[in-house]
Amino acid sequence: MSSPARIEASEDVGNSVNGNQRDFIPLILEAMSEKNVGQRKLALKAGISKSRLGLLLHSDPGKRATMSLREFQQILDALDINIVQAIITVETYRDQRLFHDERFATSIAMLAELFQGLPSMLLAALDEIEGIDGTEVRKAWAGPLRKALVEKLVKEVSAVMARRDFLSDASRFEF
């Protein structure tokens, strides 16, 4: 019995976080529904046979075939879903339908854009700190760095909102 949308070990990207399975199939099915793309059309666009796609997207998780990383990428590309957005969506929202909710779509897009360059920027920043050769870096730093990043985000977004409010108020008093 294979796990839902499990990625083949031969392409080892992992399929769980803290023991919880990631299930991308609901996200894929919701995108297919929203874009009015059936399995036949998706199979053609993704370059995967219709019978193979049917096995990958089977409604019974126990009967699903194991999805390779390449197949996963082909399906996402065919549906115009960024892989980073898909991962963030599944990690962030238990109900993947929120991925297609306009209220959250821009947040997910912003997070995907943020995370695409963040790892290399953080490594470059750590490399610039004198005296750090990499051996001093600890996993335990992740929590405080995450907290600092979120605090900075709140501060910057609040500043943008305050400027927007100020400009909106100022435009009402112009003659």
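The values are calculated or read from the model by the stated rules, or taken from the named source; none is laboratory data. Because the structure is a prediction, the values reported are computed rather than measured. Please note that ligands, DNA and RNA were not included when accessible areas were found on the heavy atoms of the full protein model with its side chains. Shrake-Rupley method; radii C 1.70, N 1.55, O 1.52, S 1.80 Å.
Brief remarks on what is shown
- With every protein chain in place, region 27-86: carbon and sulfur % of accessible area (1.4 Å): 47
- Only lysines eight or more places from Lys35 in sequence, or on another chain, were considered; those with a Cα closer than 24 Å are Lys45, Lys50.
- Relative contact order (percent, whole number), region 65-164, Cα cutoff 8 Å, 6+ residue spacing: 15
- Anisotropy class of region 65-175 from Cα gyration tensor, a/c 1.5 cut: oblate
- Residues in region 17-165 average 66 Å² of solvent-accessible surface per residue, probe 1.4 Å, ligands and nucleic acids excluded.
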